[in-house]
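The values are calculated or read from the model by the stated rules, or taken from the named source; none is laboratory data. Keep in mind it's a predicted model, so treat the numbers as computed, not measured. Glycine gets a Cβ as well: all are built from the backbone with ideal geometry, and neighbour counts include every protein chain shown. SASA here: full protein model, heavy atoms, side chains in, ligands and nucleic acids out. Shrake-Rupley method; radii C 1.70, N 1.55, O 1.52, S 1.80 Å.
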Amino acid sequence: MFFGIGQASYHKRYAKKRGIVFPMIRIFLPAEQLRSEHIVITGDNARHLALVLRVQPGEIITIFDGQGYRYECTVKQVHKREITVQMSRKEPYSVESPISVVLAQGLPKGDKMDLIIQKATELGTTRIIPLITERSQVKQTNKLVRWKKIALSASRQSGRDRITDISEAVTFSDFLASQMSPPAKAYVEDIKGATLNVLLSEDYKLRNLKELLSRNSSVKEVVLMVGPEGGFSRTEVQTATEKGFTEASLGPRILRTETASLAAISIIQYTLGDMG
Ligand code: SAM
């Protein structure tokens, strides 16, 4: 929960008066910065803690290292540009889903990718790869820094202990070239623990995503390809299926690309992950 300047301390006083446990303040720091008991926090994190959350000496905050550990720390000193904390406890911690979801998202127009990154992160996606496809109207982008910030903020807000990784945009063919060919015929038999590669297609009516996942319930990772506004071309669908991607449908209605991605990730987390 984030408050504007001034609001945070008001809410803290209000919560304390009424015996409400104030939500734990969480930040991410790389594990290399968490090696000693005394930790000095600088940059955006320091500004956020000092000016937005208005932390005070004596307050407890939680630091996540993005590698499965959390650290309980007591605030010692607060300056606008530097916060000093003392670490009191380090423990393994995870709210990560047992299924890893990699979303290869056909680049949409405007700010839609911002929304997809924010929501897919909340839904526990491991990695997002922006895809430049034949029908993408956007053929290049310089938004990687912005997207990484959105993923960081959504990871923090949703209490995740890992940050969704956002890759550089790649062309459809480079993406396929980087994929290991999984065993074919994922729809006929369980591919037993391997990665399930799925291409969502609004034209394909023979098999829906739910059925495909149920037949492959032991997979640990799903790579999900979703087309941009204009969808995938026939050639792209054919190339992807030759490379081991299985086509799947999300039902009879044509969904906007952002709806298709978020609905599919929810179905995966519900069927093979930890949503319910
Ligand atoms: N080609 C279509 C058109 O312009 O009429 C629409 C493409 S749709 C907006 C964008 C992407 O969302 C598709 O390429 C597909 O990956 C996914 N999608 C949308 N509806 C879907 C459905 N019912 N089943 C599976 N995928 C769907």
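Please work out the average accessible area per residue across the chain, using the 1.4 Å probe convention, and give it in Å².
Here the residues of the chain average 52 Å² of exposed surface.
Would you compute, from DSSP H runs of 4+ residues alone, the mean residue ellipticity of the chain at 222 nm, taking -39500 (n - 2.57) per run and dividing by the full residue count, rounded to the nearest 500?
Mean residue ellipticity, 222 nm, calculated: -8500 deg cm²/dmol.
Working out 0.36 nm times the residue gap between Asp274 and Lys76, then minus their Cα-Cα distance, what length gain in nm do you get to one decimal?
67.6 nm
Given labels modelled 7 Å from the Cα in the Cβ direction, how far is it in nm from Leu255 to Gln56?
If labels sit at Leu255 and Gln56, their model points lie 4.6 nm apart.
Roughly what % of DSSP beta bridges within the chain run antiparallel, to the nearest 5?
On the way: 19 of 47 bridges.
The antiparallel proportion sits near 40 percent.
Can you tell me the orientation of helix 7-17 relative to the chain, as the angle in degrees between its alpha-carbon axis and the longest Cα principal axis, to the nearest 10?
Tilt relative to the chain: about 70 degrees.
Let me understand segment 25-118 better: what is its radius of gyration from the alpha carbons, and its Dmax, in angstrom?
Both quantities, over Cα of segment 25-118: 16.4, 47 Å.
Gain in length, Thr42 to Ser178, computed as 0.36 nm per residue apart minus the alpha-carbon separation, to one decimal in nm? Kindly include the intermediate steps, with their values, before the conclusion.
Working: separation 136, 0.36 × 136 = 48.96 nm, distance 3.68 nm.
Computed gain between Thr42 and Ser178 is 45.3 nm.
Probe radius 1.4 Å, ligands and nucleic acids ignored: give me the carbon and sulfur share of the accessible area of segment 83-154 as a rounded percent.
Its accessible area is 50 percent carbon and sulfur atoms.
Going down the table (Lys76/Lys143; Lys80/Lys149; Lys139/Lys243; Lys149/Lys210; Lys109/Lys149), which pairs top 29 Å between alpha carbons?
Result: Lys76/Lys143; Lys149/Lys210 exceed 29 Å.
Starting from a Cα-only point model with no solvent, please compute log10 I(q)/I(0) by Debye for the chain at q = 0.08, 0.11, 0.13, 0.17 1/Å.
For the requested q values the scattering log ratios are -0.40, -0.70, -0.89, -1.23.
Under 17 Å Cα to Cα from Lys112, which aspartates and glutamates show up? Leave out anything in the same chain fewer than 8 places away.
Output for Lys112: Glu122, Glu168, Glu229, Glu258.
If the chain between Asn142 and Gln33 were fully stretched, how many nm would it gain, using 0.36 nm times the residue separation less the Cα-Cα distance?
On the way: separation 109, 0.36 × 109 = 39.24 nm, distance 2.86 nm.
Length gained, Asn142 through Gln33: 36.4 nm.
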